[in-house]
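Here, each number is a calculation from the coordinates, and none is a lab measurement. It should be emphasised that the depicted structure is a prediction, and the values quoted were computed from it without experimental measurement. Virtual Cβ from ideal backbone geometry, glycine too; neighbours counted across all protein chains shown.
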Amino acid sequence: MTKTNLQFYPVWDRPTRWFHWINFVCVVALAAIGTAILYDKELGVTDGGKILLKTTHVWFGYVFAVNLAWRLAWAFIGNRHASWSAILPFHKGYGAAFRTYLRELIRGDVRPYLGHNPVARAMISIFLILLMLQAVTGLVLAGTDIYYPPFGRWIASWIVAPGANPSTIAPYDKTGIDPASWEAMRSFRSAFVTVHYWNFYALLAVIVIHIVGVVVTELREGGGIVSAMFTGRKVFDREPADDVGAST
């Protein structure tokens, strides 16, 4: 039955909203600082400046990684719109729902969704995979570059010269480092650098697609998709496709 009056629906719980905006701030900061690190020579950054940039990058990375880990855990205990069953595109009938949504989208008469629509599910799943990959590779690079946790102590113990103290190993200082072990570590590190580098650009592409998707969804479905990430509520004048009587 079509609803003629505006109805407000609780959708995004508070932890989900906090994750979204903390993730937004972290990604913007990490992208900006990472770009400065990438072009440090062109910007004339000194070794001390590089260490400061990388240290700041790592601390934002810690917040990013903890926030992401929290969101992944919350998917097991959050409300139905925050759960894995509302994110992953693997439930029974998903393929049919995806095709139906695309047809409705092309016709310009798409039925709104309270949570993620079928296309958004696929994109959010890809987004989470890329975020996890960036977090993991970033943590490894934090250890191989400026010897920060969780792998920094192990890396320092790997490259330290015989008889030297691993705790004395410092970024951009070869004092106390075994040359052969250093080269082996840098070889090990290179694969993570490559993945981190290209995954960054993949993330940028997905972020652009995400923004376009938000705009298109707002225009086609309505609901106040942006404001819902502040208030937690969406508003529709018709029955959402995934409504199970949760309107208030």
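Okay, here's what the table says:
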{"read-out": "Kirkwood Rh, Cα atoms: Rg over Rh of the chain", "value": "1.10"}
{"read-out": "Highest-fluctuation residue, G108, G138, G61 considered, GNM on the chain with Cα pairs under 10 Å", "value": "G108"}
{"read-out": "Normalised contact order of the stretch 100-206, rounded percent, pairs of Cα under 8 Å and 6 or more residues apart", "value": "25 percent"}
{"read-out": "Length-normalised contact order of the chain in % [C-alpha pairs under 8 Å, at least 6 apart]", "value": "32 percent"}
{"read-out": "Fluctuation leader among V212, V193, V27 - the chain, Gaussian network, Cα springs under 10 angstrom", "value": "V212"}
{"read-out": "Helix-derived mean residue ellipticity, 222 nm - over the chain, DSSP H n ≥ 4, -39500 (n - 2.57), to 500", "value": "-21500 deg cm²/dmol"}
{"read-out": "Under the span-like rule (Cα at least 24 Å along the axis, Kyte-Doolittle mean at least -1.0), DSSP H helices of the chain", "value": "14-38, 47-77, 118-145, 179-220"}
{"read-out": "Choice from P118, P179, P166 with maximal GNM fluctuation in the chain (Cα, 10 Å cutoff)", "value": "P179"}
{"read-out": "The stretch 49-120: trypsin sites (Lys or Arg not before Pro) falling in loop per DSSP and having at most 16 other Cβ within 10 Å", "value": "R80, K92"}
{"read-out": "Estimated inter-spin distance, D47 and D237, nm [label 7 Å along Cα→Cβ]", "value": "6.6 nm"}
